[in-house]
Amino acid sequence: MHKLFTDGGARGNPGPSAIGGVLYEEDKEVGNFSEYIGEGTNNQAEYKAIIRGVELALEKNISEVDCFLDSELIVEQLNKRYKVKDKELAKLFVKVWNMTMKFKNITFTHVRREQNKAADALVNKALDEELS
């Protein structure tokens, strides 16, 4: 089974933002990303990170993936337990939702920030490189 850990963050909310993620097969890293994405909110960055991560899984022809995010809001929205009220987030939600149809099985699970250190480090790396 494949595992995808993603994170998004903004310095200021909104402010300069970036995304990061790591894709694993068993315990072996098979891909990652770290990208500055411009101005945005934390929640927009979280959605853009999961979109990029799901794209990465699709590029590698993965049909089953467990996704782990440290944003409880985004996980609850993707699991349809919370409504998406923000118009910008709704557009990103629809994009993720449409992409999930390409998978045999995809799950979204909330993890504590300590369990998402690799993705968080990639976010900060992209921000540090852009802002230094």
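The values are calculated or read from the model by the stated rules, or taken from the named source; none is laboratory data. None of these values were measured; they are calculated from a predicted model. Virtual Cβ from ideal backbone geometry, glycine too; neighbours counted across all protein chains shown.
Computed values, structure above
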| quantity | calculated |
| --- | --- |
| Test result for residue 62, surrounded by 19 or more Cβ atoms within 10 Å (Cβ to Cβ), touching a helix residue (DSSP H, G or I) at 6+ places or on another chain (Cβ under 7 Å) and either in contact (Cβ under 8 Å) with a residue 24 or more places away in the chain or of a type in the set (Lys, Arg) (or both) | no |
| So residue 36, is it hydroxyl-bearing (Ser, Thr, Tyr) and farther than 19 Å from residue 113 by Cα | yes |
| Index of the failed condition, residue 125 passing every other in (1) in contact with a strand residue (DSSP E or B) (Cβ under 7 Å, 6 or more places away or on another chain); (2) buried (at least 21 other Cβ atoms within 10 Å of the Cβ); (3) part of a helix (DSSP H, G or I) | (2) |
| Inter-residue pairs, beta-carbon under 6 Å, first modelled with pLDDT under 95 and in the range 5-26, second not basic (Lys, Arg), 6+ apart | 13/41; 13/42 |
| Qualifying residue in the range 76-85 (condition: crowded, with 19+ Cβ neighbours inside 10 Å, free of Cβ contacts under 8 Å to residues at least 24 places away in the same chain and closer than 19 Å to residue 111 by Cα) | yes |
| Residue within the range 84-98 that is under 21 Å from residue 3 (Cβ atoms) and either assigned to a helix (DSSP H, G or I) or hydroxyl-bearing (Ser, Thr, Tyr) (or both) present | yes |
| Breaking point among (1) assigned to a strand (DSSP E or B); (2) more than 15 Å from residue 70 (Cβ to Cβ); (3) touching a Leu at 6+ places or on another chain (Cβ under 6 Å), for residue 18 | (2) |
| The range 33-51 residues that are farther than 15 Å from residue 5 by Cα, paired with ones that are among the aliphatic types (A, V, I, L, M) and assigned to a helix (DSSP H, G or I) (beta carbon under 6 Å, 6 or more apart) | 36/126; 43/89 |
| Selection from the range 49-65 of residues that are of a type outside the set (A, V, I, L, M, F, W, C), out of contact with any Leu (no Cβ under 7 Å at 6 or more places or on another chain) and either part of a helix (DSSP H, G or I) or closer than 18 Å to residue 114 by Cβ (or both) | 52, 55, 59 |
| Count - residues of the range 89-116 that are out of contact with any strand residue (DSSP E or B) (no Cβ under 9 Å at 6 or more places or on another chain) and within 16 Å of residue 9 (Cα to Cα) | 4 |
| Of all residues making up the range 54-83, the number that are under 12 Å from residue 100 (Cβ atoms) and of a type in the set (S, T, N, Q) | 2 |
